[in-house]
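Single-structure report; data block below.
The values are calculated or read from the model by the stated rules, or taken from the named source; none is laboratory data. Predicted, not measured: the structure shown is a model, and the values here were computed from it. Glycine gets a Cβ as well: all are built from the backbone with ideal geometry, and neighbour counts include every protein chain shown. Heads up: the accessible areas ignore ligands, DNA and RNA and are worked out on the full protein's heavy atoms, side chains in. Shrake-Rupley method; radii C 1.70, N 1.55, O 1.52, S 1.80 Å.
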Amino acid sequence: MSRRPSPFAAARLGLALTLSLALIAATFTPTPSRISPKLPSPALQTQTSLLIDALYYDTYLANEPEEAVALINVGSAAVDLAGWSISDGEGTVTFPGYSLAPGARVWAARTATSFQQEFGFKPDFEYGGDSDPAVPDMNGTAPAFANSGDEVILLDPAGTTVDALVYEAGDVTIAGWSGPALFPYTQGYFGAEGQILYRKLDQTTAMPIPDTDTLADWAQATDDDIDGKKVQYPGWDLLRYFFPLKTTQTANLTYLIAPDNIFDAYLAEINKANSYIHIEGYSFTNAHIADALVAKLQAGVQVRVLLEEEIVNGISDQERWICQQIEANGGECWFMYNDDPTDVHDRYTFQHAKFTVVDGVTLLTGSENLNGSSMPADDKADGTWGNRGVYIITDAPDLVNHALDIFTHDLDPANHKDVRRWDPAIDAPPAGFSPDYTTGGTGYSVQFPDPLVLSGTFDFEVVQSPDNSLRLQDSLLGLVARAGAGGVVLVEQLYERTYWGPSTSDPATDPNPRLEAYIDAARRGADVRILLDSYYDDPADPRGNAATCNYVNNIASSEGLDLACLIGNPSGTGIHNKMVLVWDGSQGWTHTGSINGSENSSKNNRELAVQVRSTAGYNYLADLFEYDWVVSGGAPIFPTPTPTATATFTATPTATATPTASATPTFTPTYTPAATATPTFTDTPTASATPTATATATPTFTPTYTPTPAGPNHLLIREVFYDTPGKDSDEEWIEIYNPTGSTVDLSGYKLGDEETRGGGEGMYRFPGGASIAPGQVLVVALKATGFRALYGFDPDYEVKDSDPAVPDMSVYSAWAGGTIALSNTGDQVLLLDETDTSVDVVTYERGSYPGVVAHPGVASGHSIERSPADQDTDDCSLDFVDRFPPTPGG
């Protein structure tokens, strides 16, 4: 087996990396933080630009009032929906006039209020009666899509069928459809009820694949193991997160190993909090961490926790007690849950992601829950006992903001009823309950007493389920595809199913694409090792870890591959890791997070993982893998196993952080050879580091932990749409948000793009009696008619009087007499209070304002949106993200 770089090879690589940084920069082109969906090329267009995009027919509510159909414009020009109809062959309803922009989607629901209850947003049209006056009505006889099977027919204004969908027992002979009917994808956790049939989406564009009028166009089709066999349920943010976040950031990055060094490092970050701590996890039973959170609450730090209610074996009394303590001290403990009798249906099978955001500047995430077995608090001097897992900590702003965005959308009780707050009446622990503080043990001798701390420029990719974890060009499968001859793939997982699909299936019919990707890497010439858990494994399970290793090892033997699989339990309570390491022949990559090797983990859970290009990180975790592999019964992987080594890190902190002055990690695997060396762990070598086999490296890092205030006490500009797809002077809009706890009287407030009193741009005043409630969002459009043409509903206010039904803003001539016209190349947006003091200012591209950093700008058709919604640092490049499609009022 070819050798992956040991820490000593990394030290020698240090100088080479320094010399080749320019080459790396030239050959690696980072993808933007949010890839912009593109339209398919004209050659891929169908005979019509309007298609049926999705169908929601077997719904959750009684009598199914929230049935709905989505349409999409895949063409390059807007389509006027006036006269277009949808039908099931019995009932037909016709759209009113509406301009559907290129690439845009619209939903038509039977009952708008019921649809909003399940999906978390209003449909664009309703056709079963006027339940919501704000939603335009369709005319005709409402279709009723049968659960046993039916047809959805799209008719143009001339009554010609231009597209059709036939599902289950529907009539496959109708025009617009060919071949067998489409069925929902059902097996395991994938139920038919509540499932949305939707088109397969191109991984590059997020647009439907070319239409063939067959079931192969649809994501539920079983002809495709990557883009098919998919599900979707109401409330998912699939389009928002369709593309993984990809970014290159200069940041601090720390790798933690459980159970060896994770607890102290996690606790240290919690103790740094000055403003807030947001935690999203599966379960939480570690009383020591609970006490730390309570102490922060008592010091005025906000704490919000979102957990899974339906965990295996149910919520423990210990977790009930922890939530009780958090709530009693002013924090919030929430659960994502399901309750069919009360029409509550959770969006994801399990909320299984594990991440913490501290003060909006630090992200902690990985494989471990906040439990005693994952994060033991015992003194490690005499050993410990617990799960094998990995966490990372980083202050990379894009990753922090992305995690906050996920947290905000997952914990959104205003729009999703599947989250509920801890209730003392049903969630309290038994009276007199005494928490258990016992963690750890002595059976496992700690091998990695200190985390690996790095500072440099890293390529990051955030992977999440169910939105984007199963893709060929990036995410995990794309990462593994980097490994070929001369490469290495090391996999350490709680489990990796032998195959997906029903338990009666097999690898040929329902392959596990992750497992097959590892095997294919070996076929390309990479050295591949797979280590799976034995502690929880059922040897009789045909898809269990023992069966997986038997399958893999048989392939390795029959094909002569450098591929092997083992099961083991290196640290006491099982391998809980979800780690894949890839050496692509020249550099190392790490994949760590919460995603297990099951179909449900990739397609139906909320999960999170982070991929990092870091040779030092790869080496650190490869040493972990090597130790675990050998103690699990495997032969040393590399020709020269990693020797016992002592690496000394002398940090040079700034006044804003107090890292440990020095740490001395000692790696002492049981197969210790005689050689001794001092490895260098640094991805960005500096002049002060002398990477030789015997040198002591002194990496310099300057973490900048800048706490965000506890929350703005003033109104904020939340989203700005300045470069619209049509006529800017008709379609531009600005969104304001009230993050405070009180209603604000807006009658004295002004909004505009003139930064100087007496200037020539615009400043407009809200009408008398206007107000904004706590947490409310208001949209101010230039023209209501232009806004309505884009979105199908009215803004809250308009600047120019285009619709008497929409309240008008008035020119505030004491400041400026012009009109608002947001420049596409740069401008500023000001919100003034009653005294004409600016309470919030947003600048972008060439726009400028004293003390405010401009956002770099976005593509035409995109908006800039504040994320998280209550973050205001006056640095718009940090406070705002590229949003496509824009989300007015969302």
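At a glance:
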| item | result |
| --- | --- |
| Those residues of segment 274-291 which are open to solvent by less than 10 Å² (accessible area, probe 1.4 Å) and more than 26 Å from the chain's Cα centre (by Cα), in sequence order | ALA287 |
| Cross-chain or 6+ apart pairs with Cβ under 7 Å, segment 153-170 first and at positive phi, then in a strand (DSSP E or B) | GLU168/GLY149 |
| Extreme residue, nearest to GLY120 (Cα to Cα), among residues of segment 316-375 that are free of Cβ contacts under 8 Å to residues at least 40 places away in the same chain and outside any helix (DSSP H, G or I) | ASP339 |
| Segment 417-428 residues that are within 13 Å of CYS333 (Cβ to Cβ) and touching a residue at least 60 places away in the same chain (Cβ under 8 Å), paired with ones that are in a loop (DSSP other than H, G, I, E, B) and open to solvent by 40 Å² or more (accessible area, probe 1.4 Å) (beta carbon under 6 Å, 6 or more apart) | VAL419/PRO413 |
| Pair list, Cβ < 8 Å and 6+ apart or interchain, from segment 130-151 residues that are among the polar types (S, T, N, Q) to residues that are open to solvent by less than 20 Å² (accessible area, probe 1.4 Å) | SER131/ALA112; SER131/SER114; ASN139/VAL93; THR141/GLY91; THR141/VAL93; ASN147/TYR57 |
| Subset of segment 779-801 [open to solvent by 30 Å² or more (accessible area, probe 1.4 Å), under 33 Å from the mean Cα position of the chain (by Cα) and not basic (Lys, Arg)] | ALA789, LEU790, TYR791, PHE793, ASP794, ASP796 |
| Residues satisfying the stated conditions in segment 49-73, i.e. open to solvent by 10 Å² or more (accessible area, probe 1.4 Å) and more than 18 Å from GLY726 (Cβ to Cβ) | ASP53, ASP58, TYR60, LEU61, ALA62, ASN63, GLU64, PRO65 |
| Given (1) buried (at least 21 other Cβ atoms within 10 Å of the Cβ); (2) in a strand (DSSP E or B); (3) touching a residue at least 40 places away in the same chain (Cβ under 8 Å), number of the condition LYS246 does not satisfy | (1) |
| Single condition GLY176 does not satisfy, out of (1) open to solvent by less than 10 Å² (accessible area, probe 1.4 Å); (2) out of contact with any Gly (no Cβ under 8 Å at 6 or more places or on another chain); (3) in contact (Cβ under 8 Å) with a residue 24 or more places away in the chain; (4) within 20 Å of SER85 (Cα to Cα) | (1) |
| Test: residue in segment 371-384 that is in contact with a strand residue (DSSP E or B) (Cβ under 8 Å, 6 or more places away or on another chain) and within 30 Å of THR873 (Cα to Cα) | no |
| Every pair of residues 6+ apart whose Cβ atoms lie under 9 Å, when the first sits in segment 870-886 and is without any contact (Cβ under 8 Å) to a residue 60 or more places away in the chain and open to solvent by 40 Å² or more (accessible area, probe 1.4 Å) while the second is of a type outside the set (Ser, Thr, Tyr) and in a loop (DSSP other than H, G, I, E, B) | ASP874/GLY851; SER877/ALA854; SER877/PRO856 |
| Any hit, segment 530-542, residues being under 21 Å from ALA353 (Cβ atoms), in contact with a Pro (Cβ under 7 Å, 6 or more places away or on another chain) and either open to solvent by 30 Å² or more (accessible area, probe 1.4 Å) or not in a loop (DSSP other than H, G, I, E, B) (or both) | no |
| Check on GLU310, in a loop (DSSP other than H, G, I, E, B), of a type in the set (Asp, Glu) and open to solvent by 10 Å² or more (accessible area, probe 1.4 Å) | yes |
| Residue that is modelled with pLDDT of 95 or more, open to solvent by less than 10 Å² (accessible area, probe 1.4 Å) and within 22 Å of GLY440 (Cα to Cα), where the choices are GLY389, GLY331 | GLY389 |
| Residue identified as at pLDDT 95 or above, touching a strand residue (DSSP E or B) at 6+ places or on another chain (Cβ under 7 Å) and surrounded by fewer than 19 Cβ atoms within 10 Å (Cβ to Cβ) among GLY159, GLY149 | GLY149 |
| Selected residue [out of contact with any strand residue (DSSP E or B) (no Cβ under 9 Å at 6 or more places or on another chain), more than 12 Å from GLU496 (Cα to Cα), acidic (Asp, Glu) and at pLDDT 95 or above] from ASP506, ASP520 | ASP520 |
| Segment 249-273: number of residues that are open to solvent by less than 10 Å² (accessible area, probe 1.4 Å) and farther than 25 Å from THR590 by Cβ | 1 |
| The lone exception for ILE555 - which of (1) open to solvent by 10 Å² or more (accessible area, probe 1.4 Å); (2) of a type in the set (Val, Ile, Thr); (3) part of a loop (DSSP other than H, G, I, E, B) it fails | (3) |
| Qualifying residue in segment 42-52 (condition: part of a loop (DSSP other than H, G, I, E, B), modelled with pLDDT of 95 or more and within 16 Å of TYR127 (Cβ to Cβ)) | no |
| Residues (over 22 Å from the mean Cα position of the chain (by Cα) and either buried (at least 19 other Cβ atoms within 10 Å of the Cβ) or among the small types (Gly, Ala, Ser) (or both)) located in segment 447-472 | GLN447, PHE448, ASP450, PRO451, LEU452, VAL453, LEU454, SER455, GLY456 |
